[in-house]
Every structure is written in structure tokens, then in C-alpha cells.
Amino acid sequence: MAEKRLKNIPIAERPREKLCLKGKEALSDQELLAILLGKGSKKNDVMSLAHKLVSVIDKKGIDVTIDDLVDFDGVGEAKAAIILAAFEFVRRRIKKEGITFEKPSDVVPLLRHYADRKQEHFLCVSLNGANEIIQVRVVTIGLADRSHVHPREVFADVLVDRASAVILAHNHPSGSLEPSEEDIAVTKQITQAGQIMGISVLDHIIFNQKDYFSFVEKGIGL
């Protein structure tokens, strides 16, 4: 989708028309953002612009600012304000706080929209003592086949949250759900670091667009 210009996409598959025909759940993050942008610029088609902005928003999350967005050709203060206003409007009404899960893998629906990324996104879900979600963050964005992550990057914001536990997760752009040796080693390293700080690692979930792999459900020790 990132390579397609809007005019080259069949009308029924263009973001706004697709939303009306198939519902909002059928759209990727890039397509949803393209609707908010409305149009691009001479240098950046709206789909290309949305693709670039998604990468920034993935990194900054709810902390994204107008300055982060207006750095891109085709995004002025007006468009940046629309995007931030949409984020804040939703944040005030649909909060993750208070959502409790019976098992760690129940968080998969909150992560699924990262499944179509072309690079690995390593995510951390922080939870309080009642297993209620505090925040979902992108910790690092890596290459097509791996994402390097260090415990200090995982726990930096988790400590600020005063979280009691975390759930680790990352997408596999290749589609395979099998954990690599590096995935297992990183999980153990983060778990050991968490034990020192009194923060439990409840699970590590690998996911693609159709399914997921849970370390806990598959009996891989953390």
C-alpha cells in the first residue's frame, strides 16, 4: 500500500470509500491516517505521506506533537491539529486503563494493527497490580527480520508508569510465528532484569495478521 498513489488505487479500495463499504476495521493504520490528512502535496501523495507519518507516530505514540508532524512536506499546522485533535478525542473516551485480561494473550486485539508493518515492532504492554492495562508502547522498530531491544529500553517508561507487570510482543513481518533463538534469549534477559526491579514479565507474544504465538501457552519458560 505504501508504494501506491491514491489515483492508481481502484475507487472502491481508496481509504474513504473502503471505510464506507467495508467498515473501519478493514482499513490499515496508513489508510485511516490518509483519511485524516485528506490530501497530500506535490512531493508526497497522501498515501506516501500517511506511510511516513505512521512511522513517526509508532515511535512517539500519544506523545506525538505538532512539531513532529509539520516536519513533513504536506503537513501544515492545520492538518497536524486535526490529527492530534482526533487522537485526543479518542483518548478521552476510549482508555486502556481499567481493561483487565484473564490471560496475557487477550491483549492480542490491541496489538493486531501492527501486524502489517514491514519492520519488526517490539511492543511493551504495562499493567498495574490488578492486571489492568496502563499503556501499550512501541519500544523499538527494527529490520525486516529482527528488532534489537535492551531491557533499559523496555523498562524506562514502565518504571514511570509504576507498573507491576509487562507483556512483551512483536510482529513477524515474514509471517512465521516461530520464535528465533534471539527472541528467546532477549525474553530471558528482559525477564531477569524485571525480576531485579520487581516487575513480572507475564508473556511474550509473537503475532502476524492471522494468528499469534504465546511463550506461556507454548510452555516456553520466562
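The values are calculated or read from the model by the stated rules, or taken from the named source; none is laboratory data. Small disclaimer: the values here were computed from a predicted structure and weren't measured. Every residue, glycine among them, receives a Cβ derived from its backbone with ideal geometry; neighbour counts consider all protein chains shown. Surface accessibility is based on the protein's heavy atoms, side chains included, excluding ligands, DNA and RNA. Shrake-Rupley method; radii C 1.70, N 1.55, O 1.52, S 1.80 Å.
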Using label points projected 7 Å from each Cα along Cα→Cβ, tell me how many nm separate A81 and K39, to one decimal. 1.9 nm
For the stretch 58-140, what is the charge dipole size about the Cα centre, in debye to the nearest 20, if Lys and Arg each add +1 at the Cβ and Asp and Glu each add -1 at the Cβ? 280 debye
Toward the positive end of the charge dipole of the stretch 82-222, about the Cα centre and with charges on Cβ (Lys, Arg +1; Asp, Glu -1), which of S126, G219, H148 goes farthest? S126
Students often get this wrong, so check it: of K18/K39; K18/K42; K22/K79; K18/K59; K60/K118; K118/K210, which have C-alpha atoms separated by over 20 Å? K18/K42; K22/K79; K18/K59
If every alpha-carbon in the stretch 67-186 counts as one equal scatterer, what log10 I(q)/I(0) does Debye give at q = 0.14, 0.19 1/Å? -0.74, -1.17
Where is the GNM fluctuation largest for the chain (alpha-carbon springs, 10 angstrom cutoff): E153, E17, E102? E102
Only Cα pairs within less than 10 Å get springs; with that Gaussian network setup on the chain, which residue of R16, R92, R137 has the largest fluctuation? R92
For the chain, report the convex hull volume of the alpha-carbon atoms normalised per residue, in Å³, without decimals. 131 Å³
When the charge dipole of the stretch 18-105 is computed with +1 on Lys and Arg Cβ and -1 on Asp and Glu Cβ about the Cα centre, the Cα farthest towards its positive end, among L32, I82, N44, belongs to L32
As a check on your grasp of the helix formula, calculate [θ] at 222 nm for the chain: sum -39500 (n - 2.57) over DSSP H runs of n ≥ 4, divide by the residue count, round to the nearest 500. -11500 deg cm²/dmol
Express the C-alpha Rg of the stretch 1-119 as a ratio against the empirical globular expectation 2.2 N^0.38 Å, rounded to two decimals. 1.13
Quick one: net charge around D203, please, counting Lys, Arg +1 and Asp, Glu -1 for every other residue with C-beta under 11 Å from its C-beta. 0
Say each of E102 and R5 gets a label point 7 Å from the Cα, pointing the same way as Cα to Cβ; how far apart are those two points in nm? 5.2 nm
Hey, in the GNM for the chain with a 10 angstrom Cα cutoff, which one of V138, V56, V46 fluctuates hardest? V56
Expressed in nm to one decimal, what extension gain is obtained for the pair S176 and D67 from 0.36 nm per residue of sequence separation less their Cα-Cα distance? 35.5 nm
How far apart, in nm, are the 7 Å Cα→Cβ label points at Q192 and E25? 4.2 nm
Of all DSSP beta bridges with both partners in the chain, the antiparallel percent, nearest 5, is 70 percent
Ignoring ligands and nucleic acids, D58 exposes an accessible area, probe 1.4 Å, in Å² to the nearest 10, of 10 Å²
Could you size up the charge dipole of the stretch 1-140 around its Cα centre, putting +1 on the beta carbon of Lys and Arg and -1 on that of Asp and Glu, and report it in debye to the nearest 20? 460 debye
Hypothetical label at N128: residues of the stretch 157-175 whose amide nitrogen lies under 11 Å (7 Å Cα-Cβ projection): 162-164
Based on Cβ point charges of +1 for Lys and Arg and -1 for Asp and Glu, what charge dipole magnitude is obtained for the stretch 45-90 about its Cα centre, in debye rounded to the nearest 20? 120 debye
